[in-house]
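First the structure, in the form of structure tokens, and then the observations on it.
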Amino acid sequence: MDKKELRAYIKGLKKQHTKEQLLDQSEKILAKLEQHPEFIKAEKVMLYSALPDEVQTQAFLEKWHLKKTIILPTVVGDDIIPVEYGKDTAFDVGDFNILEPQNEPYTGDFDLIVVPGVAFDRQGNRLGRGKGYYDRFLCQHMEVKRIGICFDFQCVDTIPTEPFDIRMDEIITL
Ligand code: ADP
Ligand code: MG
């Protein structure tokens with residue numbers, strides 16, 4: 001399957017799951033992330049506000065932004081601009097239909113970047129939504145540990161890759 005076919009295939013699998021099943025999986029996957037040594041030791045963590053077909057992070061973000069520096073992506077044109085989720089940060093729906101913190105761009109560094117995806121394989125290859133947002137963002141932060149998180153049906157044997165695709169160091173799934 002090429003990238004486009006794989007996106008369609010995963011979309012079909014997602015439809016076989018209820019919202020409740022996806023929320024239940026999300027809790028279990030994030031419980032694993034919480035216990036991961038890289039997450040435990042990280043002070044500055046880039047996470048994400050989830051779209052309906054991604055591991056749901058809302059409760060996790062609300063919990064952890066009080067204990068670590070949590071940075072979220074905002075989408076500006078073709079770029080991901082990182083913004084901190086501070087204690088009193090307001091949120092608004094951005095161009096990409098995700099909740100974005102309404103703060104100045106975050107200019108500090110990261111200890112860990114947690115990456116959503118349409119699918120991942122065991123080698124850490126990642127398939128996104130087809131716009132290359134994370135490839136462009138991550139290639140500017142290659143020294144930072146990258147963990148992909150996904151539902152069980154998003155974990156496949158092989159992802160077709162191109163030279164600009166940035167691989168994850170690790171995948172956490174159900
Ligand atoms: P996704 O990663 O969202 O699944 P693709 O891997 O298909 O999407 O990439 C989408 C597009 O993003 C590619 O056609 C490529 O031209 C562009 N792209 C990816 N990485 C870079 C980069 N580092 N610089 C410029 N363009 C990039
Ligand atoms: Mg890519």
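Quick notes
- Those residues of segment 156-174 which are within 23 Å of Val45 (Cα to Cα) and not basic (Lys, Arg), in sequence order: Asp165, Ile166, Met168, Asp169, Glu170, Ile171, Ile172, Thr173, Leu174
- Total residues in segment 26-44, condition under 16 Å from Ile149 (Cβ atoms) and out of contact with any helix residue (DSSP H, G or I) (no Cβ under 7 Å at 6 or more places or on another chain): 13
- Number of residues in segment 18-55 that are without any contact (Cβ under 8 Å) to a residue 60 or more places away in the chain, small (Gly, Ala, Ser) and in a loop (DSSP other than H, G, I, E, B) equals 1.
- Pairing residues of segment 1-17 that are without any contact (Cβ under 8 Å) to a residue 24 or more places away in the chain and on the phi > 0 side of the Ramachandran plot with residues that are surrounded by fewer than 16 Cβ atoms within 10 Å (Cβ to Cβ) and in a helix (DSSP H, G or I), at Cβ distances under 8 Å and at least 6 apart in sequence or on separate chains, gives no pairs at all.
- Residue within segment 8-17 that is within 15 Å of the chain's Cα centre (by Cα), more than 13 Å from Ala119 (Cα to Cα) and surrounded by 11 or more Cβ atoms within 10 Å (Cβ to Cβ) present: no
- Filtering segment 133-145 to residues that are within 13 Å of ligand 2 (Cβ to nearest atom) and either touching a His at 6+ places or on another chain (Cβ under 8 Å) or without any contact (Cβ under 8 Å) to a residue 40 or more places away in the chain (or both) leaves Asp135, Leu138, Cys139.
Every number here is computed from the coordinates shown, using simple stated rules; none is lab data. These figures come from a predicted structure and were not determined experimentally. FYI the Cβ positions are ideal-geometry reconstructions off the backbone, even for glycines, and counts take in every protein chain you see.
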